[in-house]
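**Q** Here it is, the structure, as structure tokens.
The values are calculated or read from the model by the stated rules, or taken from the named source; none is laboratory data. Since the model is a prediction, treat every value here as computed from it, not as a measurement. Every residue, glycine among them, receives a Cβ derived from its backbone with ideal geometry; neighbour counts consider all protein chains shown. Surface areas here come from the heavy atoms of the whole protein model, side chains and all, with no ligands, DNA or RNA. Shrake-Rupley method; radii C 1.70, N 1.55, O 1.52, S 1.80 Å.
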Amino acid sequence: MPDVDARDLRNALGTFVTGVTVVTTLDADGQPWGFTANSFTSVSLDPPLVLICIAKSASTLPTFEAATGYAVNILAEGQRDLSGLFASRHDEKFARLSWRPGPAGNPILPDVVAWLDCTMHDKIDAGDHLILIGQVQGFAHNSHNPLGYCRGAYLEFGLELEAVQAGGGDVRVGAIIERDRDVLLLEQGAALRLPTGRTIGSTRDRLSLMGELASVGVDAELGFLFAVFEGGVDVSLWIYYRGVASGGSAVRSGAFHPLSEIPWERLPDAAVRSMLRRYVDERAEDQFSVYLGDTVAERVVPLNHGA
């Protein structure tokens with residue numbers, strides 16, 4: 001077997017966007033136990049089977065290995081604190097929770113997007129984890145937005161939709177595009193600006209963000225939302241994403257500038273300068289937040305809360 005860099009492999013696996021769950025059970029004395037997991041998947045509809053993975057190093061392993069079943073609680077947006085609590089070593093995780101037993105008797109947490117209560121179907125030894133396959137005995141779900149997780153950061157899927165709906169007027173979409181820790185700035189006379197468009201669009205639409213990137217010879221992939229802020233007279237709302245460019249070809253009507261050497265004096269828009277300065281600061285730590293606000297006031301929503 002080839003040598004595998006475990007950290008690099010974990011980073012690669014971390015690019016897969018997942019939901020966030022809290023898996024719960026009861027021990028032999030009827031006491032509730034739980035842990036945060038994103039290693040959850042459906043296995044079969046007939047019979048209804050799901051699985052979760054638990055690390056052999058987990059302090060909760062003996063309890064779950066001996067359990068007759070477990071419940072999967074799929075967390076909603078706004079439940080990051082709950083995820084953090086069950087990912088911690090806190091001794092009294094259920095002390096202030098008004099949980100209830102599901103049809104199979106396992107703890108169901110309040111206000112989750114969905115829950116599935118299961119009896120144990122099978123246990124499979126798999127490397128440094130134990131796979132627990134459960135047979136669903138009862139479930140429920142609602143229309144709330146789920147909490148997401150990718151690359152060590154929490155995601156809120158409803159944020160972008162809410163931002164667009166709140167605009168009420170002319171919306172523009174922009175991007176902070178990186179290549180080898182350089183950021184793309186396009187020329188506009190003597191000034192510089194970030195690439196923008198009326199929509200994200202496609203490379204065939206020259207009025208879209210992707211169309212503008214294609215027109216200057218940049219092949220880029222958009223990532224997470226980075227900033228939403230009110231514009232001025234002509235634009236009611238700006239939405240900016242993070243992105244990564246591939247290839248090393250020259251840029252038409254622009255260039256990639258090192259993050260440490262951005263010509264700030266050539267960026268005339270105060271809101272864009274403020275946003276980009278925050279990006280540079282957060283890029284140094286690879287810990288990003290979402291900026292919500294306007295050129296005067298702002299609210300910053302952290303993306304990376306917990307492990």
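**Q** Name the most mobile residue of Leu222, Leu132, Leu13, meaning the one with the largest mean-square fluctuation, in a Gaussian network model of the chain with Cα contacts below 10 Å.
**A** Looking only at Leu222, Leu132, Leu13, the largest GNM fluctuation is found for Leu13.
**Q** Separate question: Quick check: the angle from helix 158-167's long axis to the longest principal axis of the chain, C-alpha only, nearest 10 degrees?
**A** It is inclined by approximately 40 degrees.
**Q** Under 18 Å from a point 7 Å along the Cα-to-Cβ line of Gln287: which residues of region 81-106 have their amide N that close?
**A** What the label zone holds, given the 18 Å backbone N cut-off, is 81, 84-85, 88.
**Q** Counting only trypsin sites (Lys or Arg not before Pro) that are in a DSSP loop and have at most 14 other C-beta atoms within 10 Å, tell me the longest site-free stretch of the chain. Display every interim value, and only then the final one.
**A** Details: sites that count: Lys56, Arg89, Arg96, Arg181, Arg204, Arg206, Arg252.
Between the exposed loop sites, the longest stretch runs 97-180.
**Q** Tell me, what is the per residue accessible area of the chain in Å², probe radius 1.4 Å? Write out the running numbers ahead of the final one.
**A** Working: 16570 Å² over 307 residues.
Spelled out: the 1.4 Å probe surface of the chain, per residue, equals 54 Å².
**Q** Answer rounded, prolate or oblate for region 22-107, using the Cα gyration tensor with square roots of eigenvalues a ≥ b ≥ c: rounded when a/c is under 1.5, else prolate when a/b is larger than b/c, else oblate. Write down the numbers at each step before the final one.
**A** Details: a/c = 1.36, a/b = 1.21, b/c = 1.13.
Since a/c stays below 1.5, the shape of region 22-107 is classed as rounded.
**Q** Would you mind telling me which residue in Thr60, Thr21, Thr36 has the biggest mean-square fluctuation in a Gaussian network model of the chain, where springs connect alpha carbons within a distance under 10 angstrom?
**A** Result for the chain, Cα springs under 10 Å: Thr60 fluctuates most.
**Q** Pick the calculated Cα Rg over 2.2 N^0.38 Å for this structure from (1) 1.20; (2) 1.88; (3) 1.12?
**A** (1)
**Q** Rounded to the nearest 5, what % of the DSSP beta bridges within the chain are antiparallel ones? If you can, show how the numbers build up before the last one.
**A** Details: 75 of 86 bridges.
Within the chain, antiparallel bridges account for around 85 percent of the total.
**Q** Which residues does a label at Ala6 reach in region 37-77, if reach means a backbone N under 17 Å from a point 7 Å past the Cα toward the Cβ?
**A** 54-59
**Q** Percent of accessible area on the chain owned by carbon and sulfur, 1.4 Å probe?
**A** On the way: 8450 of 16570 Å².
For the chain, the apolar C and S fraction of the accessible surface comes to 51 percent.
**Q** Each label point is 7 Å from the Cα along the Cα-to-Cβ direction; what then is the distance between the points at Asn142 and Gln188, in nm?
**A** Rounded to a tenth, the inter-label distance reads 4.3 nm.
**Q** Please work out whether region 11-55 counts as rounded, prolate or oblate from its C-alpha gyration tensor, where a ≥ b ≥ c are the square roots of the eigenvalues and a/c under 1.5 means rounded, while otherwise a/b larger than b/c means prolate and anything else oblate? Could you put the intermediate results ahead of the total?
**A** On the way: a/c = 3.07, a/b = 1.37, b/c = 2.25.
Oblate.
**Q** Still on this structure: Let me make sure I get this right: for region 201-288, a, b and c are the square roots of the gyration tensor eigenvalues over alpha carbons, sorted descending. Under 1.5 in a/c it's rounded, otherwise prolate if a/b > b/c, else oblate. Which is it? Show your work: numbers first, answer last.
**A** On the way: a/c = 1.44, a/b = 1.13, b/c = 1.28.
Verdict is rounded for region 201-288.
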